[in-house]
C-alpha cells in the first residue's frame, strides 16, 4: 500500500464521530487545529509532526493524541510515508461518555503526551476503528468505543491547565469575535488593533501568544471550520467557497486538503452517508 489513499466517514453509531483511514506519502498538513480531540493509531511507516512548540515522531504501534484547539502539523518521517487510523470526536461526545462511565474530571480532560506508547490502548482503538470500517453492529461499536475511552482516559488523561490567554484576554476575545463575524471581508491588522485599543504590533504579538496563531492564520482556520460545517450540512464545495470568501473552489480544495487530508467533496459525501 504505497499509493496515497484516504477514506473518511462518520461513525453514526458513535454519535457521528468522524473517522479517517489513510496512507500518505507526500501529504503535508499545514498548521491547523480541531475543535475536538484527535486520536490516531500508526499502522505502518512513521509520522513527524509539530505540536506545542516541539517536534514529535510517531512510529508503528504508537498513538498521536491532540487535545481540542491545539495547533499541530503532520508529514512523513519514513520514505514510504505513513498509514494510520484516526478518530475526530467532538468534546461533547467524549464528555458524555466519560460522565456515563463515572470518570469525574472537573474540567476539560486532556493529555500531557503528544505520542503515546501503550500497545493495549492502541490495540483497542485500532480494533474499534476496524469494527466501524467493517460495519459491525451499532451495539458492538458502542461498547468498544466506551471500553477504549475508559482505558485511555483512566491511564493517560489529566485535567488541562487553564489556557493562557495573554495579557489582554478581553482584547483577544474581542478580536476573535470581530474576525469570526467578518470571515468574507476580514478587518485589517490596523482595524483590529484600533478596535481593541492596542498598537498593531503589540496586538499581533498578544494574539499569537494567546492563540498560537497570527490573526490571518486564525482567520483561515475559522474559515475552514465553517467550511466543514457547511459541507456537513450538504452545501456544495463551490457554494461554500463563495460564501466564505475563498478565491474559488480550487482555493478551498487546496486549503481544506492541507488541513484535513481529504478533498471537500469527499468530506461532504461521507457526511451525507
Taking the structure as given and computing volume of the Cα convex hull per residue in Å³, which label from (i) 116; (ii) 153; (iii) 129 fits?
-> (iii)
For the pair residue 194 and residue 232, what calculated FRET efficiency results from E = 1/(1 + (r/R0)^6), where r is the Cβ-Cβ distance and R0 = 45 Å, to the nearest 0.05?
-> 0.80
Going by alpha carbons, how many degrees (0 to 90, nearest 10) lie between the helix axis of 169-181 and the longest principal axis of the chain?
-> 80 degrees
Distance from a point 7 Å along Cα→Cβ of residue 69 to each backbone N in the stretch 11-49: keep the residues under 13 Å and list them by number.
-> 33-37
222 nm [θ] for the chain, helices only, -39500 (n - 2.57) per DSSP H run of 4+, per residue, to 500?
-> -14000 deg cm²/dmol
Starting from the Cα of residue 79, step 7 Å toward the Cβ, then list every residue of the stretch 25-47 with an amide N under 17 Å from that point.
-> 25-26, 45-47
Tensor-based shape of the stretch 1-156 (alpha-carbon gyration tensor, a/c under 1.5 rounded, otherwise prolate or oblate) | oblate
If you stretched the chain out fully between residue 4 and residue 248, how much longer would it get, using 0.36 nm times the residue separation minus the C-alpha to C-alpha distance?
-> 85.3 nm
Quick one: compute the contact order of the chain, relative version, from alpha carbon pairs under 8 angstrom and 6+ residues apart, as a percent.
-> 18 percent
Can you tell me the relative contact order of the stretch 164-212? Whole percent, Cα pairs under 8 Å, sequence separation 6 or more.
-> 50 percent
Express the relative contact order of the stretch 1-155 as a whole percentage, based on alpha carbon pairs under 8 Å and six or more residues apart in sequence.
-> 25 percent
Once you put a point 7 Å from the Cα of residue 208 and another 7 Å from the Cα of residue 59, both along the Cβ direction, what distance in nm separates them?
-> 3.4 nm
Can you tell me the order of 46-53, 34-41, 264-271, 181-188 when each peptide is scored by its average per-residue count of other Cβ atoms within 10 angstrom, highest first?
-> 34-41, 264-271, 46-53, 181-188
With everything on Cα atoms, drop me the angle between helix 200-211 and the longest principal axis of the chain, reported from 0 to 90° to the nearest 10.
-> 20 degrees
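Bear in mind that the values in this text are calculations on the coordinates, not laboratory data. Just so it is clear, the structure is predicted and the values come from calculations on it, not from any experiment. We place every Cβ from the backbone using ideal geometry, glycine too, and count neighbours over all the protein chains shown.
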